[in-house]
Amino acid sequence: MIFSSTTPALDTVRAELTASGELVASEGLMPPTDGRIVQIRNGTQVVTAGPFIEKPLAGFLLIDVPDEARAQAVAAQVSAAVGDRVELRGTLISA
């Protein structure tokens, strides 16, 4: 996926979700080359520079919808808007 802040089609989906009150948060992420992993090993902080994954996460939308069917419908809209697959997950609170 090309890393950009947004597309006109995605802006439309975001606007619709905002108007319906379903959009909780939405953000694009910097490319994996800008990423790093921070962990503690033997009591010492270790920072490793990226990239780390083949298929990077380009961004996210956090939505509050009534059911799985609506979540899948939103995911389909986003997939069409960005021209790529969309992973759909619940949050731990909603599980």
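The table below gives the values:
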read-out: Charge tally in the Cβ shell below 12 Å around Gly59, where Lys, Arg are +1 and Asp, Glu are -1, Gly59 excluded; value: -2
read-out: The chain: angle of helix 8-20 to the longest principal axis, Cα-based, in degrees nearest 10; value: 70
read-out: Whole-Hz couplings from phi, Karplus 6.51/-1.76/1.60, listed for the stretch 68-81; x for Gly and Pro; value: 4, 4, 5, 4, 5, 5, 5, 4, 5, 4, 5, 4, 5, 5
read-out: Potential lengthening between Phe52 and Thr91 on full extension [0.36 nm per residue; Cα-Cα distance subtracted]; value: 11.7 nm
read-out: Placed amide H near Ile63: partners under 5 Å, 5+ positions off or other chain; value: Val24
read-out: Potential lengthening between Ala19 and Leu62 on full extension [0.36 nm per residue; Cα-Cα distance subtracted]; value: 14.0 nm
read-out: For the chain, Kirkwood radius (reciprocal of mean inverse C-alpha pair distance, Å); value: 15.2
read-out: Relative contact order (%) - the chain, alpha-carbon pairs under 8 angstrom, separation at least six; value: 30
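Only the coordinates and a few stated rules stand behind these numbers; no lab work does. Everything quoted here is computed from the prediction, not taken from an experiment. Cβ atoms come from the backbone with ideal geometry, glycine included; neighbour counts cover every protein chain shown.
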